[in-house]
Amino acid sequence: MNSRTLELVVGLFVAAGFAALFMMAMTVSNLASYGNGGGYEIKAQFDNIGGLKVRSPVAASGVRIGRVTAIDYDQSRYEALVTMLIEPQYNKFPSDTSASILTSGLLGEQYVGLEPGAEEDYLKSGSSIEITQSALVLEQIIGQFLYSKADDKK
Amino acid sequence: MLLARIEQLGRTALAGIQRLGRGNVFLLQILVGSVGLLRRPGLLVRQLYSVGVQTLIIIIVAGLFVGMVMSLQSYYALVDFGAEDSVSVMVVLSLLRELGPVVTALLFAGRAGSALTAELGLMKATEQLSGMEMMAVNPIERVVAPRFLAGVISMPLLAAIFSAVGVIGAYLVAVELLGLDSGAFWSQAQAKVDLIQDLGNGMIKALVFGFVVAWIAVFEGYDCIPTSEGLGQATTRTVVHSSLAILGLDFVLTALMFGK
């Protein structure tokens with residue numbers, strides 16, 4: 001095999017390797033949610049975040065509009081402090097928007113759902129959401145249910 | 001009798017340590033020799049062909065079938081929970097994190113590693129290597145370094161191709177054969193697979209495996225006993241040691257990357 005064909009074949013091999021990497025990055029990885037990096041951060045405090053994790057989605061009406069970037073514990077209020085990065089094009093959420101931690105499906109992953117309020121001014125970078133609803137903890141619900149059953153019997 | 005046994009144990013241990021030391025010095029020499037290779041890229045291209053391109057066929061076929069089988073098996077496990085849409089997540093994550101790098105490296109050790117050892121060993125047995133030294137040509141720079149570097153470069157590319165073909169195979173089975181929704185297949189994977197955490201770490205694994213397999217292969221060839229029997233043993237050792245090193249290192253790397 002002469003050296004030109006050799007170089008051609010090796011070139012094709014290297015190109016195929018990078019094409020494979022590129023194809024996987026585009027089709028099966030979350031490349032789309034990287035990239036822009038922009039957006040604005042809002043904070044919300046919750047009594048209990050359940051199974052929420054960093055990089056969990058933030059959704060409004062089921063549409064993904066951002067993701068959770070940090071979860072901290074606020075020792076002064078004894079509550080979880082969740083920081084979310086909202087994509088820049090979704091910048092018209094009223095300042096009395098409420099946030100709740102929801103579960104996709106019965107046993108699916110947890111995400112933050114935003115429910116717009118009615119105020120005139122909008123949430124901006126650094127503002128925090130006042131009205132929040134914690135994650136539903138299945139054990140607590142079952143516990144309450146059992147107690148109420150016990151009360152009924154009296 | 002007992003003393004002789006202990007003596008033998010000591011001899012084996014010392015020989016092992018000596019061999020390990022020779023291996024490390026050899027690696028250092030290869031790395032130094034690789035610098036000189038920049039002036040002669042033609043040597044590297046020729047080795048990339050025999051190490052990388054000629055391994056391509058087995059990688060593509062293996063990737064396709066591994067992807068298809070994974071897809072079928074995880075479908076039967078997940079369909080009971082109504083979670084068959086997660087087939088893509090399961091297959092893609094296993095391929096990117098584990099199967100892509102590990103299976104590629106095992107095949108690579110069997111296909112390319114053994115060939116490297118046999119080639120170098122035969123060169124040693126026919127005294128081509130010492131002939132080069134006589135002509136003041138450094139055989140490590142001229143013969144070993146291009147083969148080593150070609151192995152290190154080829155492995156990540158082969159692993160990427162393996163995973164990509166595996167994903168295509170999984171798609172064919174899941175969507176065309178089992179009738180899952182094509183949109184759900186891609187979107188589920190996109191929601192769970194992280195570019196850096198999964199794809200990036202998989203490629204790092206592949207690079208490490210390529211380094212280790214190429215190192216073992218060229219060292220075994222260069223260090224073999226130059227007889228037909230020694231050559232056979234060296235080739236076998238390459239495949240066995242590479243495979244063990246890959247599996248052991250995979251555990252260590254997985255624990256470092258994904259274990260918390």
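Computed quantities for the displayed model
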item	result
Candidates A:Gly113, A:Gly117, A:Gly126, filtered to the one that is surrounded by 12 or more Cβ atoms within 10 Å (Cβ to Cβ) and under 19 Å from A:Val54 (Cα atoms)	A:Gly113
Some residue of region B:7-23 being buried (at least 18 other Cβ atoms within 10 Å of the Cβ) and within 19 Å of the chain's Cα centre (by Cα)	no
Among the residues listed as B:Ile59, B:Ile17, the single one being more than 18 Å from B:Tyr222 (Cβ to Cβ), in a helix (DSSP H, G or I) and in contact with a Leu (Cβ under 7 Å, 6 or more places away or on another chain)	B:Ile59
Complete set of residues in region B:52-80 that are open to solvent by less than 30 Å² (accessible area, probe 1.4 Å), of a type in the set (Val, Ile, Thr) and more than 25 Å from B:Asp194 (Cβ to Cβ)	B:Val53, B:Thr55
Residues satisfying the stated conditions in region B:99-141, i.e. assigned to a helix (DSSP H, G or I) and acidic (Asp, Glu)	B:Glu119, B:Glu133, B:Glu141
2 or more residues more than 14 Å from chain B (Cβ to nearest Cβ) and out of contact with any Gly (no Cβ under 8 Å at 6 or more places or on another chain): qualifying strands (runs of 3 or more DSSP E) within region A:1-101	A:40-46, A:63-74, A:79-86
Filter result (under 14 Å from B:Leu207 (Cβ atoms) and open to solvent by 10 Å² or more (accessible area, probe 1.4 Å)) within region B:146-161	B:Leu149, B:Val152, B:Ile153, B:Pro156, B:Leu157
Residue in region B:162-181 that is more than 9 Å from every other protein chain (Cβ to nearest Cβ), open to solvent by less than 10 Å² (accessible area, probe 1.4 Å), under 30 Å from B:Thr117 (Cβ atoms) and in a helix (DSSP H, G or I) present	yes
Residues of region B:209-242 satisfying the condition of being without any contact (Cβ under 8 Å) to a residue 12 or more places away in the chain and open to solvent by less than 40 Å² (accessible area, probe 1.4 Å)	B:Gly232
In region A:34-82, residue modelled with the highest pLDDT [restricted to those that are closer than 20 Å to B:Gln197 by Cβ and among the polar types (S, T, N, Q)]	A:Thr69
Region B:81-137 - residue that is in contact (Cβ under 8 Å) with a residue 60 or more places away in the chain, of a type in the set (Ser, Thr, Tyr) and within 14 Å of chain A (Cβ to nearest Cβ) and, of those, surrounded by the most Cβ atoms within 10 Å (Cβ to Cβ)	B:Thr104
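The values are calculated or read from the model by the stated rules, or taken from the named source; none is laboratory data. Since the model is a prediction, treat every value here as computed from it, not as a measurement. When we count neighbours, we look across all protein chains shown, and the Cβ atoms used for this are built from the backbone with ideal geometry, even at glycine. Accessible surface areas use protein heavy atoms only, side chains included; no ligands, DNA or RNA. Shrake-Rupley method; radii C 1.70, N 1.55, O 1.52, S 1.80 Å.
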